[in-house]
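For reference, the structure is listed below as structure tokens.
The values are calculated or read from the model by the stated rules, or taken from the named source; none is laboratory data. This one's a predicted model, so the numbers in the text were calculated from it and none came from an experiment. Here Cβ is always computed from backbone atoms with ideal geometry, including for glycine, and neighbour counts include all displayed protein chains.
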Amino acid sequence: MPDPLTRRLAHAGHLSETEQEALRELTLNARSVAARRDIAAPLSTETVHLVLSGIACRYKILLDGTRRIVSYLLPGDLCDVHAGASGAADWSVGTLTPCSVADIPRERLADLARTHPGIDRALRWITLTELSAAREWLANDSRPADRRIAHLFCELLVRLQAVDLAGASSVDLRLSQVDLADTAGISFVHVNRVLQSLRASGLIVSGKHMLTIPDVARLQAFAEFDSGYLHLAQ
């Protein structure tokens, strides 16, 4: 069965067997990281971190000490593949749930890109996708809080489906209400009200860890969600 990295990068186009094997070798030496721990600090540039399991995020700490989550990192995501171009990343990367992470020397990844056209194309696709997602997140900040959070749920469902880690309408999503608050830029109390409203409207059904979306198309319409910005193969 393909690993999460191979499954994700396959959306960028065909990968040869040799390229797939080269990517699999990157995942062999993994380490476990507990929830609520940093994977990479802003000045870390020599290593690219690959999430193999769990959910992590890029975040920034504001001057008042609050955290703002600026993107989510799911299995198959490379946390900081282009940070070395500017000498340092301008964010921190931390786990939200227990994660398995592979640490890849940046130069090794660059060597693979130089010698394997499919991997080079896939890394450029990551750049395209991350820039597109950043623009969508910026636009999403202008939506009401209930639509912002609904949009996040839609994105996470589609992205986890892309690496075979979610069903057609349900996903194991171990995020706290504090995580959602730090993503949407609202208070914990406001998040609680939003979730109650989404449940009351029949847009979501949430248990302890499982999020179920009874009518995915309806939630996507409510959230103004169009997955095109994720550039995933259909």
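If the condition is being farther than 23 Å from THR6 by Cβ, within 16 Å of the chain's Cα centre (by Cα) and not aromatic (Phe, Trp, Tyr), then segment 149-172 contributes ILE149, ALA150, HIS151, LEU152, CYS154.
The criterion of being under 19 Å from ASN140 (Cβ atoms), of a type in the set (Gly, Ala, Ser) and either buried (at least 16 other Cβ atoms within 10 Å of the Cβ) or out of contact with any helix residue (DSSP H, G or I) (no Cβ under 9 Å at 6 or more places or on another chain) (or both) holds for ALA221. For segment 197-211, how many residues meet the condition of being modelled with pLDDT of 95 or more and loosely packed, with under 13 Cβ neighbours inside 10 Å? Here the count works out to 3. Restricted to segment 185-223, and to residues there that are assigned to a loop (DSSP other than H, G, I, E, B) and either among the hydroxyl-bearing types (Ser, Thr, Tyr) or in the same structural domain as ARG68 (by TED's automatic domain parsing) (or both), the residue that is nearest to the chain's Cα centre (by Cα) is SER187.
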